[in-house]
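Read the structure below first, then the notes.
The values are calculated or read from the model by the stated rules, or taken from the named source; none is laboratory data. Nothing here was measured: the structure is a model prediction, and the numbers come from that model. So basically every Cβ, Gly included, is an ideal-geometry build from the backbone, and we count neighbours across all protein chains shown. Only protein heavy atoms, including side chains, enter the accessible area calculation; ligands, DNA and RNA are left aside. Shrake-Rupley method; radii C 1.70, N 1.55, O 1.52, S 1.80 Å.
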Amino acid sequence: MGIVIGIDVGGSTTKIVGVADGKIKNPMFVKATDPVTSLFGALGKYIYDNDISLSTIEKVILTGVGSAYIDQPLYGLPTAKADEFLANGLGAQYMTELKDLLVVSMGTGTSVVKVMNDKVEHIGGLGVGGGTILGLSKLLLKTQDFHHIVSLAEHGSLDNIDLQIKDITRYPLPGLPLDVTASVFGKADANAPAEDVALGIVHMVLQTIGQCTIFASLNSTIKDFVLIGNLTRLPQCADIFPRLEEMCNVRFLIPAHAEYCTAIGAALAYINKKICREVG
């Protein structure tokens, strides 16, 4: 078998990875102003940078919302499309070697996929994610520079932003320690420092995603939650998700190549002979 290339095409970013002989080959991330430019730029750069001969590429598998714009083979190569939720599940399962898991894809919004052995099922999602961070930051911080927002948040404090249990009672509630958030932005002041506001926004989004994932698991035996997507790179993940683990007796995992799991899963959809739709 030659190399199989999986490509996750977003609105303006594309993630691409090769899979050959059961190994992940050089994941790559490319940004552009539109999905088609991003896709062709990513594939061309990936082939060039890794000195890949077109004749060694067995298949190109596309997934993600931006793949809808592609209706012909790329560079004349055999091209197909894989369902994004299927790709999320296959990629996360492969990278963690878990049989049963919930896959939480944290992108512009958030989707939740349940994987039990070979069955992959999309069970829902929420309109909270990276887009929420950018939108609120534009309104409250007057910036949409994600790196700047993250930098601000790293120097912020929640003490004067979020209302905690200890602010409304002297005693812990059952299962709720005094330092647990009672209301996000419940203590926010109009003159709060930008650093505190940035941390409040990031904290709200990640905590909401984490808690909704826990709620999504209540009718199942699954306790392993695998986080994938761009937001896994946020440093605040290291604080927020372990705290939820302690409170709820679950496990959140961020696998290697977490932001590339969907692209990896797209390639695996072909390799594992799952349903793929031919292009062209």
Exercise. When the accessible area of the chain is split by element with a 1.4 Å probe, what percent falls to carbon and sulfur?
Worked result: 52 percent
Problem set entry | Probe 1.4 Å, protein heavy atoms only - accessible area per residue of segment 175-225 in square angstrom | 46 Å²
Exercise. Tilt of helix 130-140 relative to the longest C-alpha principal axis of the chain, in degrees (0 to 90, nearest 10)?
Worked result: 50 degrees
Seminar exercise, completed: Under the Karplus relation with 6.51, -1.76 and 1.60 and θ = phi - 60°, whole-Hz ³J(HN,Hα) for segment 11-23, x at Gly and Pro, equal x, 9, 10, 10, 10, 9, 8, x, 10, 8, 6, x, 10
Problem set entry | Solvent-accessible area of Y46 with every protein chain in place, 1.4 Å probe, in Å² to the nearest 10 | 0 Å²
Seminar exercise, completed: Taking M106, M116, M95 and ranking on accessible area (1.4 Å, protein atoms only), highest first, one gets M116, M95, M106
Problem set entry | Charge dipole (debye, nearest 20) of segment 21-67; +1 at Cβ of Lys and Arg, -1 at Cβ of Asp and Glu | 100 debye
Problem set entry | Length added when fully stretched, K119-D189, from 0.36 nm per residue minus Cα-Cα | 20.4 nm
Problem set entry | For segment 190-261, alpha-carbon Rg and Dmax in angstrom | 13.5, 45
Exercise. Could you work out Rg/(2.2 N^0.38 Å) for the chain, with Rg from alpha carbons only?
Worked result: 1.08
For this session: Measure nothing but the geometry: give the 0 to 90° angle between the long axis through the Cα atoms of 35-49 and the longest principal axis through the Cα atoms of the chain, rounded to 10°.
Result: 70 degrees
For this session: Round to a whole angstrom and tell me the spacing of the C-alpha centers of segment 80-100 and segment 161-238.
Result: 27 Å
Seminar exercise, completed: Spelling it out for G125: with amide H atoms placed in the peptide plane at 1.01 Å from N, the residues 5 or more places away or on another chain with amide H under 5 Å from its amide H are V112
Exercise. What size of dipole, in debye to the nearest 20, comes out for segment 129-280 about its Cα centre when the only charges are +1 on Lys and Arg C-beta atoms and -1 on Asp and Glu C-beta atoms?
Worked result: 580 debye
Problem set entry | Per-selection Kirkwood Rh - segment 121-280 (Cα, Å, 1 d.p.) | 17.6 Å
Seminar exercise, completed: Given pairs K119/K223; K138/K166; K187/K223 and cut-off 26 Å on Cα-Cα distance, the over-length ones are K138/K166; K187/K223
Exercise. Could you give the semi-axes, largest first, of the ellipsoid that matches segment 117-180, computed as the square roots of 5 times the alpha carbon gyration tensor eigenvalues and rounded to whole Å?
Worked result: 28, 26, 11
Exercise. So what J values fall out for segment 268-279 if you push phi through Karplus, 6.51 cos²θ - 1.76 cosθ + 1.60 with θ = phi - 60°, rounded to Hz, Gly and Pro as x?
Worked result: 5, 4, 6, 4, 8, 6, 7, 5, 10, 9, 5, 9
Problem set entry | Residue-wise HN-Hα coupling along segment 161-167, computed from phi with Karplus coefficients 6.51, -1.76, 1.60 (Hz; x: Gly, Pro) | 10, 9, 7, 9, 3, 5, 7
For this session: Calculate the spin-label point distance for N249 paired with I168, positioning each point 7 Å from the Cα along the beta-carbon direction, and give it in nanometres.
Result: 2.5 nm
For this session: May I ask you to derive the relative contact order of the chain, considering only C-alpha pairs under 8 Å and at least 6 residues apart, and to give it as an integer percent?
Result: 24 percent
